[in-house]
Structure formats: structure tokens, C-alpha cells
Amino acid sequence: MSERMLVTQALDERDLLVKKINDKIEKAGFVDTVRVNEEKVYEKRISREDFAKKANASWQQIQDLISRFQKIDAALVASNASTKISTSYGDFTIAGAISLRGRMRGTGSYEDEADFEERLRQKLKTEYEARIQQSELKNRQLQATAENMRMSILGKDAKGKEDKPLEVVEAYVKENTTELVDPLDVQKKIVELKEKRMAILTELDTQIKVSNATTFIEID
């Protein structure tokens with residue numbers, strides 16, 4: 001006879017089973033020693049017969065718990081593969097939503113190497129800041145050069161001043177000024193990536209929780 005339960009209940013029981021199975025394994029005794037002229041085994045201090053009974057009972061309990069875990073886990077996997085949710089970013093199976101959430105949080109198989117959106121945002125941010133610093137440095141150097149040129153010109157005789165030679169300096173500055181080339185409007189992209197990331201992760205969390213609290217699975 002199959003057993004029906006909510007996904008949230010199944011998840012809680014699965015977590016509990018992990019602890020119970022490992023606790024049973026840790027506390028179980030399967031092998032002991034005994035002197036030929038003694039009845040009680042060395043570690044457990046019980047008779048050979050009782051030790052054998054306990055060892056077999058522990059073995060069976062652990063096998064039963066593992067079987068229960070496997071059934072629940074298989075039912076959850078099947079449910080996650082077939083249950084769908086709708087988000088503002090598209091439709092996903094629960095399995096797909098969990099995978100996407102894990103990828104974006106860097107907890108999947110590739111860790112943070114598959115968190116492409118955040119890596120892209122960091123790349124934009126780092127490159128933008130570096131280019132801003134680069135252009136500011138170059139322009140400061142240009143202004144210093146221009147100032148030296150002005151001082152040199154202003155130190156000449158009056159006849160040179162009448163020809164407005166300072167205009168040459170201004171033209172030089174204009175032609176050699178470093179400007180930022182930003183066809184994507186990177187700062188806007190940085191904000192958009194961050195906001196979209198936060199929104200989709202929040203939405204996935206909510207939708208997965210709602211689905212888990214309302215979806216039933218069958219355990220054989």
C-alpha cells in the first residue's frame with residue numbers, strides 16, 4: 001500500500017533519515033572478540049547469542065532505513081522532474097529551478113565557475129573601474145604636460161604672445177584627451193544584472209517553497 005505525503009514532509013523525513021542511518025551505523029556492533037573460556041564478548045559484554053541477535057537486528061534496521069531513504073529520494077526526484085512552476089523569467093520544472101538556483105549561488109557541480117551572471121557583473125565592474133582610473137591618470141598627465149607647455153610659451157617674448165600660441169596648447173589637450181569607450185553603458189548593465197539576480201533568486205526560493213508545501217508524492 002502506497003503512502004501519500006507532501007514534499008515538505010518527505011524532505012524533512014529524508015533529512016532525519018540521514019541522521020538516523022549514520023547514528024545507527026556509528027552505534028552498531030557487528031564484530032567483537034571473545035575468549036574461548038568466556039561467554040561474554042569483549043566490547044559489548046553480552047553473550048555471544050545476544051551479540052549475534054543485536055548484530056543482525058542492527059543490520060536489518062539499517063537496511064530498512066536505507067530502503068526508506070531510497071524510496072523517498074526517488075519519489076522526490078521524480079516529482080521534481082515533473083512538477084512545474086512559472087516565474088517572471090520563464091517556466092521551470094522544480095528540478096530545473098533548483099539547478100538554476102544552485103548554479104547562481106555557486107553550489108552546483110562547478111561551484112562559482114558556473115555563476116556566469118555574477119562573474120559577468122564582476123568583470124564589468126572591475127574593467128569599468130580600471131578604465132576610469134586609467135583615463136583619469138592619462139588626463140592628469142596630459143594636463144601636466146599642457147601646463148608645462150603654457151609656462152614655456154608664456155615665458156617667451158611679447159611678440160609670440162600676440163599670435164595667441166596658447167591656442168595650440170588647447171588644441172593639443174583636446175586632441176589627446178582620453179575618453180571612456182562604453183557602448184553598453186556598463187554601469188547600467190551592472191545594476192541590471194544585480195537586480196535581476198536578486199529578483200530571480202528570491203522568486204525561485206518562493207516558488208519552490210510554495211510548490212513543496214502543496215505537492216504530494218507517493219511512497220510505495
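The table below gives the values:
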{"item": "Some residue of segment 98-107 being under 28 Å from K196 (Cα atoms), modelled with pLDDT under 95 and β-branched (V, I, T)", "result": "yes"}
{"item": "Search result, residues across segment 62-72 that are out of contact with any helix residue (DSSP H, G or I) (no Cβ under 9 Å at 6 or more places or on another chain) and open to solvent by less than 30 Å² (accessible area, probe 1.4 Å)", "result": "none"}
{"item": "Among the candidates K84, K40, K53, residue that is touching a strand residue (DSSP E or B) at 6+ places or on another chain (Cβ under 9 Å), more than 24 Å from I208 (Cα to Cα) and not acidic (D, E)", "result": "K40"}
{"item": "Subset of segment 14-54 [of a type outside the set (A, V, I, L, M), surrounded by 14 or more Cβ atoms within 10 Å (Cβ to Cβ), under 50 Å from the mean Cα position of the chain (by Cα) and not in a loop (DSSP other than H, G, I, E, B)]", "result": "R14, K20, K24, F51, K54"}
{"item": "Among (1) modelled with pLDDT under 90; (2) open to solvent by less than 100 Å² (accessible area, probe 1.4 Å); (3) within 17 Å of V173 (Cα to Cα) - the single one M151 does not satisfy", "result": "(2)"}
{"item": "Selected residue [of a type outside the set (F, W, Y), within 30 Å of L180 (Cβ to Cβ) and assigned to a helix (DSSP H, G or I)] from A130, A95, A57", "result": "A130"}
{"item": "Qualifying residue in segment 119-140 (condition: of a type in the set (A, V, I, L, M), open to solvent by 80 Å² or more (accessible area, probe 1.4 Å), at pLDDT 95 or above and within 30 Å of A199 (Cβ to Cβ))", "result": "yes"}
{"item": "Odd one out for K194 among (1) of a type outside the set (A, V, I, L, M); (2) under 30 Å from D73 (Cα atoms); (3) part of a helix (DSSP H, G or I); (4) under 17 Å from the mean Cα position of the chain (by Cα)", "result": "(2)"}
{"item": "Identity of the residue in segment 73-92, without any contact (Cβ under 8 Å) to a residue 24 or more places away in the chain and part of a helix (DSSP H, G or I), that ends up surrounded by the most Cβ atoms within 10 Å (Cβ to Cβ)", "result": "N80"}
{"item": "Whichever residue in segment 98-118 is within 24 Å of L11 (Cα to Cα) and not in a helix (DSSP H, G or I) and, among such residues, is least open to solvent (accessible area, probe 1.4 Å)", "result": "G106"}
{"item": "Total residues in segment 185-220, condition without any contact (Cβ under 8 Å) to a residue 40 or more places away in the chain and either of a type in the set (S, T, Y) or touching a helix residue (DSSP H, G or I) at 6+ places or on another chain (Cβ under 8 Å) (or both)", "result": "2"}
{"item": "Verdict on E167 being acidic (D, E) and either over 17 Å from the mean Cα position of the chain (by Cα) or outside any helix (DSSP H, G or I) (or both)", "result": "yes"}
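The values are calculated or read from the model by the stated rules, or taken from the named source; none is laboratory data. Everything numeric here is computed off the predicted structure, so don't read it as measured data. Methodologically, a virtual Cβ is constructed for each residue, glycine included, from the backbone with ideal geometry; neighbour enumeration extends over all protein chains shown. Surface accessibility is based on the protein's heavy atoms, side chains included, excluding ligands, DNA and RNA. Shrake-Rupley method; radii C 1.70, N 1.55, O 1.52, S 1.80 Å.
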